[in-house]
Amino acid sequence: MQSNTLEETKGTPILDRLSQPVRDCLLSKAQTKTFERGATICLQDEPATSMKVVLKGWVKMYRVSSSGNEAVLSTLRDGNSFDEIVALKGGTSPASAEAASKCTVMFLNLSSICSCENAFMDISNAVLSAASDHMEAMIGHIEQLKVQNGTQRLSEYLLDLSETSEGSKELVLPFEKVLLAGKLGMKPESLSRAFGRLKDIGVCSSQRNVSINCLTSLKTLVEDQKAFA
């Protein structure tokens, strides 16, 4: 694997949990692919032979119901992984993955390093930890859907994206508002109404550009809404 790709894997939680020999062996056999926005990375219920790690860009994870409705489960960015358990045990992808932006994904065949000393134990522990992280994130997402309204969920997302709670901020959403609506468990028209409600505290949006005059006011709104949720 090229040195620049190795550099991109630093700070990847599931890889950082591996011993150096197992990590090196796994990465030496990894493959990377670049996908244009909208391209399919994998499909729900198809055999999953590799764990995937997002090296650059954004990936949408979603499921399609028997009626054809799409549910966005999560959006993944640099360092996030998916299909860990099914790649280790053998199985099918529990969800489909699509490039939400131009992205680079690394494919790791977990069965290809069985000859490495302590490889299975190392990888099993790393996969278990990753599964625990995914579960914690999913529980948090379900809690949001249960106890917060759309304006709250949007406000928290903008604060997380800002990575600060003071001053003003100019943001560019990492993907289109249609996907953001799905991520937040909303319909596009509901997201538009939520942005409209935030205008009163100085949040303006145009396409993917968002201007926040006072992050403290946005944080106060979220905290006040939580208090009365």
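Probe of 1.4 angstrom, ligands and nucleic acids ignored: what's the accessible area per residue over the stretch 46-89, in square angstrom?
47
Under a point spin-label approximation (7 Å from Cα along Cα-to-Cβ), what is the Tyr157-Ser217 distance to one decimal in nm?
2.2
In nm, to one decimal, how far is the Asn149 label point from the Asn125 one, both placed 7 Å along Cα→Cβ?
4.8
Under 10 Å, Cα contacts only: if you run a Gaussian network model on the chain, which one of Gln148, Gln20, Gln31 comes out with the highest mean-square fluctuation?
Gln20
Counting only protein heavy atoms and using a 1.4 Å probe, what share of the accessible area of the stretch 121-229 belongs to carbon plus sulfur, as a whole percent?
That fraction is 53 percent.
Any chance you could give the angle, 0 to 90 degrees and rounded to 10, that helix 150-162 forms with the longest Cα principal axis of the chain?
Tilt of helix 150-162: around 60 degrees.
Among the listed pairs Lys29/Lys52; Lys169/Lys199; Lys102/Lys199; Lys10/Lys52, give every one whose C-alpha distance is greater than 24 Å.
Lys102/Lys199
In vacuum, with every alpha carbon of the chain counted as one equal point scatterer, what does the Debye formula give for log10 I(q)/I(0) at q = 0.11 Å⁻¹? Two decimals, please.
For the requested q values the scattering log ratios are -0.63.
The values are calculated or read from the model by the stated rules, or taken from the named source; none is laboratory data. Treat the numbers as computed from the prediction; the structure is a model and nothing was measured. Reconstructed Cβ throughout: ideal geometry from the backbone, glycine too, with neighbour counts over all protein chains shown. Side chains included, ligands, DNA and RNA excluded: accessible areas come from the protein's heavy atoms. Shrake-Rupley method; radii C 1.70, N 1.55, O 1.52, S 1.80 Å.
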